[in-house]
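> Have a look at this one before I ask anything.
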Amino acid sequence: MRQTSKHILKHALLAGLFAPLFALPLVAQSDAHAVVFGGYSYFDGSYTAEGTPPNKPSGWNAAITGNLQHHLGLTADLSGYSQSIDSGDSSRVTNFLFGPTVSVSVRSFSPFAHFLVGVAYVSHTGFRFLSSSNSFAYAAGGGLDYNFTRHFGVRGQVDLLHNNFTTADNQLQTRINHSFPRISTGLVIRF
């Protein structure tokens with residue numbers, strides 16, 4: 001089972017690294033550009049055991065979008081969160097997501113929407129209540145870029161982040177919420 005999890009994670013990472021390279025010829029043929037985002041992210045959920053109050057983990061979010069056409073792009077999105085509970089147990093989650101993004105530019109504003117799919121990977125210290133460290137994940141949402149200049153701006157983004165983690169104890173499974181809001185803000189660089 002552990003080899004399968006590592007195998008899935010390895011293929012997801014490779015796809016994430018090489019998918020933007022396959023999109024480069026399409027970007028080069030259009031008059032569109034690439035957008036790089038990085039910043040702070042707040043996750044209104046928990047990857048610790050149910051019954052313990054979540055401390056609303058915060059972390060980071062980074063994404064790169066290569067625009068294939070004027071309003072359509074391909075996005076690779078990475079995010080990571082960590083949290084701990086009073087007992088000292090902790091968990092970290094990393095999301096590897098990819099998918100289409102639709103955007104428009106109106107003066108200094110660029111609203112966008114995306115639907116991203118991929119994997120989530122959780123590592124725990126102390127407790128171990130999930131049956132697997134890997135899960136299918138997706139994010140649906142969007143946001144708004146405010147562009148200070150042609151190349152620099154700021155972003156506000158809200159997503160519904162979903163995973164399919166299952167517990168090792170079937171009695172806990174009905175208490176697991178799989179969809180949480182994710183709020184990210186940070187800097188945008190346009191090429």
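Rule-based calculations on the coordinates, nothing more; no lab input. Every value quoted in this text rests on a predicted model; they were computed, and no experiment measured them. Positions of Cβ are backbone-derived with ideal geometry, glycine not excepted, and every protein chain shown enters the neighbour counts.
> Using a simple spin-label model with points 7 Å from Cα along the Cα→Cβ vector, what separation in nm is obtained for VAL158 and HIS33?
2.7 nm
> Follow-up. Ranking ASP44, ASP77 by Cβ neighbours within 10 Å, fewest first, what do you get?
ASP44, ASP77
> Please rank ARG92, ARG155, fewest neighbouring Cβ atoms within 10 Å first, as an exposure proxy.
Listing ARG92, ARG155 from fewest to most nearby Cβ atoms yields ARG92, ARG155.
> What's the ranking of 33-39, 159-165 by average number of surrounding C-beta atoms within 10 Å, highest first?
With the highest mean Cβ count within 10 Å placed first, the list reads 159-165, 33-39.
> Something else: For the residues SER41, SER58, what sequence is obtained by ranking on other C-beta atoms within 10 Å, fewest first?
In order of increasing Cβ crowding within 10 Å: SER58, SER41.
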